[in-house]
Structure formats: structure tokens, C-alpha cells
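Colleague: Quick one: this structure, given as C-alpha cells, is what I'll be asking you about.
The values are calculated or read from the model by the stated rules, or taken from the named source; none is laboratory data. Predicted model, so just to flag it, every value in this text is computed and none were measured. Heads up, the Cβs are rebuilt from the backbone with ideal geometry, glycines too, and the neighbour counts pull from every protein chain shown. For the accessible areas, the whole protein counts, side chains as well, though only heavy atoms, and no ligand, DNA or RNA atoms are used. Shrake-Rupley method; radii C 1.70, N 1.55, O 1.52, S 1.80 Å.
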Amino acid sequence: MWVPERPIIELPRRVRREFQSHADYLRSDLLEHRLQVSLAEAPQKNFSGHKIRVVENCNPNWYRELYSRYDHFRRDRSLKALLKIKDAKDKEYTGKRKGACSHPHAFEFVYRELILDQLLNGLQTMYEPIPASDVVCGYFGKSSDVPF
């Protein structure tokens, strides 16, 4: 049975396509939603020129969770790993299961693990839910009955 440490090229074609499509979705989501903060006038001024930070745009929830879970988690390496998965050019991960993301293929592993979880359990996005994948659930022997 396939595990996230292994590249997606080892998956059957239909299952691999689901992983590739979802990696493309996550990459687009990450490119579109990035933390943007601006300065605005403070509602209660404590001094002349007092400003506060206001969030204009924020990172996707799934990315914020990964960022808080792993030390040294980087957007540029995330985008690169998602592109490799999308193009089925990801490599095997042979590092320790837990720890820093310093192994050359650690980001690919982290994202294969995330994609597998989201394809098996669905994903609640900022706008609409994405249901579990029947193809992936069937391959891994899991019911695709999810709350979405």
C-alpha cells in the first residue's frame, strides 16, 4: 500500500490525477491568498499619528496550520513542492517522520500527507467545502461519507 513518504508516480493513474489536481488547487490557493497587512488610523488615538495594523488578506487555514506545526516552514518551498507534486516529479522522503523541514524532499512529504488527508476527509475552504474524493477513498478502502 502506498504511503506519503513515496512519490505519487507509484499511485494508480486515476488516484495520481486526484493528487495532482489537488496539489494544483493548493498551489493556486497559496498564490492567491497571502498575508497582507496595512496601516490604518487608530479608532482611539493615544498619540499624534497613531496607526494600527489591519489585515487585508490572510493565508489559507490549511497553510497557517502547517506553518504553526513545523519549524522553518517556508512559502517558497511549499510552492515548489506543490508544483513537483502537480507535475508528478516529487521524490521519495527518507528522513525522520517528525522534525524540521530540512530534508531535501520534506516539503513534498508534508504536502503528500496533507493532500491525502484532504482527499480522504474533504476540506472546508474559506468559500465552499470540497468533498472527499471517491476515487481516493475507494483506493484506500475508506468511505467517502464526510460531513460536506
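Colleague: Name the single residue, out of those in segment 1-20 being in contact (Cβ under 8 Å) with a residue 24 or more places away in the chain and of a type in the set (Asp, Glu), that is least open to solvent (accessible area, probe 1.4 Å).
Modeller: The residue in question is 5.
Colleague: Examine segment 33-53 for a residue that is of a type in the set (A, V, I, L, M) and in contact with a Ser or Thr (Cβ under 6 Å, 6 or more places away or on another chain), and state whether such a residue exists.
Modeller: Here is the first cut: in segment 33-53, the ones of a type in the set (A, V, I, L, M) are 35, 37, 39-40, 42, 52.
Narrowing the set further to residues that are in contact with a Ser or Thr (Cβ under 6 Å, 6 or more places away or on another chain) leaves none.
So far as segment 33-53 goes, no, none of its residues is of a type in the set (A, V, I, L, M) and in contact with a Ser or Thr (Cβ under 6 Å, 6 or more places away or on another chain).
Colleague: On to the next question. Tell me yes or no: at least one residue of segment 49-67 is open to solvent by 50 Å² or more (accessible area, probe 1.4 Å), assigned to a helix (DSSP H, G or I) and touching a residue at least 60 places away in the same chain (Cβ under 8 Å).
Modeller: The answer is yes, given that some residue of segment 49-67 is open to solvent by 50 Å² or more (accessible area, probe 1.4 Å), assigned to a helix (DSSP H, G or I) and touching a residue at least 60 places away in the same chain (Cβ under 8 Å).
Colleague: Continuing with the same structure: Could you tell me which residue of segment 21-36 is farthest from residue 88 (Cα to Cα), considering only residues that are touching a residue at least 60 places away in the same chain (Cβ under 8 Å) and among the charged types (D, E, K, R)?
Modeller: 29
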